Structures are given as structure tokens and as C-alpha cells.
Amino acid sequence: MNCPGFTGGFAGQSDGVDLGGMDMVVSDLAVARGGVTVLAGLGFTLRAGQALVLRGPNGIGKTTLFRTLAGLQPAVSGRIAVPPESLTYASHADGLKATLSVTENLEFWAAVHGTGAVDAAITAMNLHTLRDRRAANLSAGQKRRLGLARLLVTGRPIWVLDEPTVSLDAASVALFAGVVRSHLAAGGAALIATHIDLGLDEAGVLDLTPFKADTSTGPLDGGFGDAFDEAFA
Amino acid sequence: MIALLIRDLRLTFRAGGGFGLGLAFFLLVAVLVPLGVGPEGETLGKIAAGILWVGALLACLLSLDRIFALDFEDGSLDLLATAPLPLEGAVAVKALAHWLVTGLPLTLAAPLLGVLLHLPAGGYFWLILSLALGTPALSVIGTFGAALTVGLKRGGLLLSLLVLPLYVPTLIFGAEVVKRGSAGMDAGAPLALLAAITAGAAALLPFASAAAIRVNLR
């Protein structure tokens, strides 16, 4: 799929199933939300087997950055080099269907991504006892666990996780940290925005505060509001 | 693709999925019109083709906003857009799923309602044929409208306003096929035009819908 935000891929690495050698290189990236540039000059490299934890206060642009990386919105400027079909994005919403059971939800995403790793994902996220329960009847934490289990059935190497631990209890956070660790050991990579300590000591930390764009010059699309006001002046 | 089709059909048939809503609406329209117009068979027979087509069109409209809105709310649409499935294909599959649960049942139920409306005996074949050829266009055009309005709060009304004008050619040619067929005239020309609209819409609109979704997800 050609995503508008992607400026290129790595030659010779089009196989999305191979978890080895999947590097993500971001250079001089600027991203915008609602026409206002929130982050600028951002650059980092994420190598296979690495995890990078992004930190920054609310509203700094973590979600906007992730949506740009996932190709859901175009970058203002800069370059994102990522192998095609290698990235999976877990947002605040889990993408679950309330009237489908846990297994049916996972089976759907496994079929879409052409993998059959449903049982492994259920085991990894400790969803055994909930297999046949409808997603509507899960607690918030259980839904989150199911949403994270979806990452495993995508079979994609680079995980982009936006606040993955919201509504998880301490045991589930530890469980999830273990899942991320084994994903990294298998040659995957993870980009995680979180406010809590996941217990991933090996992960690098990137503070986004220095990359905050200067918004004092006003929003890019500021003209529209002014014109509207003038029309009725 | 097939997984998406199965999921959409399964969701529709489960509780709160809205299957049968369009069909029930269609039935009500066909029952209410004779009550309003009066029971004279001759009058009803004249307007039957038009009423059945307008009813089918409005019944189709009822369920359009569900095509993408639910997937947008729970985040599935973001995930589908980043999945290996081409978005154009996903849109086409969703239009097909919509037709299977609205257009197809409407087509099959229409002859029964034709009896209520005193549709002339020669018209039944043409009614089924025109609905079978025309309702896929309603689903595909409606999917395009749903893609344009996805993410808007209370986009349902705007969706109707956008889509209804686009339904006009399908309605005109569809009703014309039944009218000519009932009167024993040659219905080949409107039938060919109806099929052309469906084929053109099914070939082109999934691309437009996918582009609209990409813009709306930004």
C-alpha cells in the first residue's frame, strides 16, 4: 500500500514476515495536527531488536507522530524510511467488535494479515478463559489485553504503541512487558509512548520536549478563521 | 477480503446489527401507500413501479451510515487502512456486504409487495430484474457517501442529502424498466442504461471512496 507519509523503503527487504533487519529511520520529521505543526526536526533510528520509549507531556504530539508513522496522515516535512508492510499501529482504540467473541476478533485480524497465530496470541496475553466471551462483556483491562493480542496476530515486526498500558493492572503490564521483550528477542522492534515505567530496562528513551515546534507564529491555516470573522464584521 | 465480508455479515446478523431494518421499512412503505392512495387497483397499478423503486431506495438509505461509522468509532477503520488489504478492496467488500443484507433481500421481497400494489402481471419479471441490476449501484454509491461523511458527528442527514441526488438516474431507469415491462413495451434501453450505471459505479467509486476515507482519517 502506498501511504502518503512514506518517502521510501529499504531495498531488498519487502518480506514483511521476516523479523530480521527491519530498521526504521526517521530524519528531520515535522508533523502537524489540525494544521498546526506540533513536532519538528525529529529524528531517530529504531533497529531490529530495539525498543524506544517516547516521553513528553500531554499534547506534545505523540499520537500525531504515530499516526504519521503509520501512514494515516502525511508528514509536513522530513523522511520516514521504513520497510513496506512492516508496521502495525495500536492506538487508544482497540478496534474490537463488541458482538464478536475474543477468538472471532483475533481470527479476523489474523485472516486480514494472512497469519494463523491466534492461539499463540491468546496464550501470550492470557486470554484463555475469555476465548468465547463477547468483547462487549470484557472489562476495560481485558479489552486492552485483547487489543494488544492483535499485535501478535499481525505478524509485523515494528510495533507502534500509543499508551499500551492504559487500564492494565500491574500483573498485565508485566505480562505485556514480557510479550514486548520476546518480540524484541525475535528481531522485532517497538516504539512505545507511555507515562509509566514498563520495566523494559533495555529500552532507549526519547524525550520529545526538545522537538516541540514553535507555535508562537500561529497556525498554518490561520487565515480561514480571520476571513470568516471579517466577513461578518 | 473474504474474512472482511464474513465479519461484516456476521456483525449485521448479531444483536443490534440492523439486519431486516431496511426490509421492514420497505414492507411498511408498500403497506402504507395503498392506505393513503386508496384501494383502486387501476390507480395503484399505475404507480406501483415507482413506489416500489422509491421504497427500495429509501430502505437502502437507512443503513448506509453504519457502513463505516461503527468501524471509525472503535478504531477498526484505522487498522484496516494500515492492514495489507488495499483500502479500495475493503471498500468494495463493504459495499458488497451492504448489498447482500439490504439490496438482495429487497429484490427478493419486492414481488410479494407488488401484489399489494396491484402491479400488472407482466411487470414482476422486470421488477426483479431491474432491482437485481439496480440495487448494487445504490449500495456502491451509498458507500461512497458514507466514506465522504465518515467521522462527522451526525453525518447521517448529510449523507442522505449527498446520496439521494446521486440515486436519481438509478431510480429513473429502474422504474422505467418496470413501467415499460408492465405495459408490454420494449424495456431494453433503460435496462442497458441501468446496468451501465451499476457497472460504472462499481468500477470507479471504490477508488473514490478509499480516497475519501484516507482524507477523513487524517
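Assorted remarks:
- The combined condition, being within 23 Å of B:Leu28 (Cα to Cα) and surrounded by 18 or more Cβ atoms within 10 Å (Cβ to Cβ), is not fulfilled by B:Gly181.
- Among the residues making up segment A:126-147, those that are within 13 Å of chain B (Cβ to nearest Cβ), assigned to a helix (DSSP H, G or I) and either in contact (Cβ under 8 Å) with a residue 40 or more places away in the chain or among the basic types (Lys, Arg) (or both) are A:Lys143, A:Arg144, A:Leu146, A:Gly147.
- From A:Thr123, A:Thr68, residue being buried (at least 20 other Cβ atoms within 10 Å of the Cβ) and more than 7 Å from every other protein chain (Cβ to nearest Cβ): A:Thr68
- Complete set of residues in segment A:77-100 that are more than 10 Å from chain B (Cβ to nearest Cβ) and crowded, with 18+ Cβ neighbours inside 10 Å: A:Gly78, A:Ile80, A:Val82, A:Pro83, A:Ser86
- Residue match in segment A:104-116 (condition: among the β-branched types (Val, Ile, Thr), touching a residue at least 40 places away in the same chain (Cβ under 8 Å), within 14 Å of chain B (Cβ to nearest Cβ) and assigned to a strand (DSSP E or B)): no
- Residue list for segment A:52-93, filter: in a loop (DSSP other than H, G, I, E, B) and β-branched (Val, Ile, Thr): A:Ile60, A:Val76, A:Val82
- Against the list (1) closer than 30 Å to A:Leu152 by Cβ; (2) among the hydrophobic types (A, V, I, L, M, F, W, C); (3) modelled with pLDDT of 85 or more, the condition B:Met1 fails is (3).
- Against the conditions (1) at pLDDT 90 or above; (2) surrounded by fewer than 18 Cβ atoms within 10 Å (Cβ to Cβ), B:Gly38 satisfies every one except (1).
- Of the helices (runs of 4 or more DSSP H) lying entirely inside segment B:9-123, the ones with 1 or more residues being within 14 Å of chain A (Cβ to nearest Cβ) and within 30 Å of A:Gly155 (Cβ to Cβ) are found at B:66-73, B:76-82, B:87-98.
The values are calculated or read from the model by the stated rules, or taken from the named source; none is laboratory data. Everything quoted here is computed from the prediction, not taken from an experiment. In this analysis, Cβ positions are derived from the backbone assuming ideal geometry, glycine residues included, and neighbour counts consider all displayed protein chains.
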